[in-house]
Amino acid sequence: MFRTGVFILMLTLGDALPANSGSGTAPVMLLSIYAPIQTDSPVRIVGFEHGQEEIRFVLSNTSDVAVESVIIDRVTMAPEGCAATPKGRTADGGGRSRIAILPHGEAVLSFPQVLYPGLLIHTSREWRAAYMQTEFWVGGVFFKDGTTWPGTIDSHIAAEPLDPRLVEAQISKCINVAAVASAIQPGQEIVFEKEGPESSNTETASPPELDFSCTLKGAKALCHMPLEKGSRLTQVPTSGASHN
């Protein structure tokens, strides 16, 4: 689904890596997903739905014209000082995904087997990151009347977050980087434990946000997703997606 261009930002870590607290507790890897507010786009991500197998996007069409497909872009990054490797960012320009959204309507878009929590966890472990953040946004809209937003859609995605303030606000989550890095093992099994008890705040957060974590215990990464309340819309899979 995603045609991927990878851009690497060298992170200056040096003495910024905090030492292991020595408390004896298993280190925890934190991950956040955001949909920055887009005031200019006629279609916006207004929420996330999730399961262990996929992450879904709740899309809202604010225009008077029906939508037939969209492009979802993303940037994944470990803020400076949050990772123990020099790799820091990837930028993905999404392919064109077919989804019918009525004027002023909403629909859910999913990418089964393509975008799922485990993929982000693997990236975070590859970077040996204590905290990693991904921003998703609408990069292009194709309307049923043949028009598009923007008028010319650029396939190049810069390796920069759409809203840098979301990154800056979470720097405090970069704790125990050295402990997380040392606890990551080759072939470490990802195990999703029972959801919750906290609920996802994607229905009320501004911008929409989805947070989860993985506790690194020996040969296993025990991961916890927030409790999902269930889809409020009909899900639209990308089985009919065009990969233009």
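Brief remarks on what is shown
- For region 74-82, the Karplus equation 6.51 cos²θ - 1.76 cosθ + 1.60, evaluated at θ = phi - 60°, returns couplings of 8, 10, 10, 8, 10, x, 3, x, 9 Hz by residue, with Gly and Pro reported as x.
- Converting phi to 3J(HN,Hα) with the Karplus coefficients 6.51, -1.76 and 1.60 and the offset θ = phi - 60°, region 130-145 yields 7, 9, 9, 10, 10, 10, 10, 8, 7, x, x, 10, 10, 8, 5, 7 Hz in sequence order, with x at every glycine or proline.
- Rough spin-label spacing in nm, given labels placed 7 Å along Cα→Cβ, for Gln185 and Glu126: 2.2 nm
- Spatial extent of region 125-175: Rg and Dmax, with the Cα atoms as the point set, Å: 16.0, 50
- The C-alpha radius of gyration of region 21-134, expressed as a fraction of 2.2 N^0.38 Å, stands at 1.26.
- Relative contact order for region 32-105: 30 percent, from Cα pairs under 8 Å spaced at least 6 residues apart, divided by residue count.
- The slack between Ser206 and Thr147, meaning 0.36 nm per residue of separation minus the straight C-alpha distance, is 18.3 nm.
- Computed from the Cα positions only, the extents of region 75-164 along the three principal axes stand at 49, 26, 20 Å, in decreasing order.
- For Arg96, nonlocal amide neighbours, meaning residues 5 or more places apart or on other chains whose placed amide H falls under 5 Å from its own, are Asn244.
- In sequence order, region 84-95 has phi-based couplings of 9, 10, x, 5, x, 8, 10, 10, 10, x, x, x Hz under the Karplus curve 6.51 cos²θ - 1.76 cosθ + 1.60, θ = phi - 60°, and Gly or Pro positions carry x.
- A compact globular protein would have a Cα radius of gyration near 2.2 N^0.38 Å; the ratio found for region 46-95 is 1.60.
- Solvent-free Debye calculation, one equal scatterer per alpha-carbon of region 107-154: log10 I(q)/I(0) at 0.13, 0.30 Å⁻¹ equals -0.52, -1.13.
- Contact order normalised by residue count of region 33-169, Cα under 8 Å, 6+ apart, percent: 34 percent
- The amide H of Gly105, built 1.01 Å from its N in the peptide plane, has Asn61 as neighbours under 5 Å, considering only residues 5 or more places off or on other chains.
Read-outs throughout are calculated quantities, based only on the coordinates presented, and are distinct from any laboratory measurement. Just so it is clear, the structure is predicted and the values come from calculations on it, not from any experiment. Don't worry about glycine lacking a Cβ; one is built from the backbone with ideal geometry, like all the others, and counts go over all protein chains shown.
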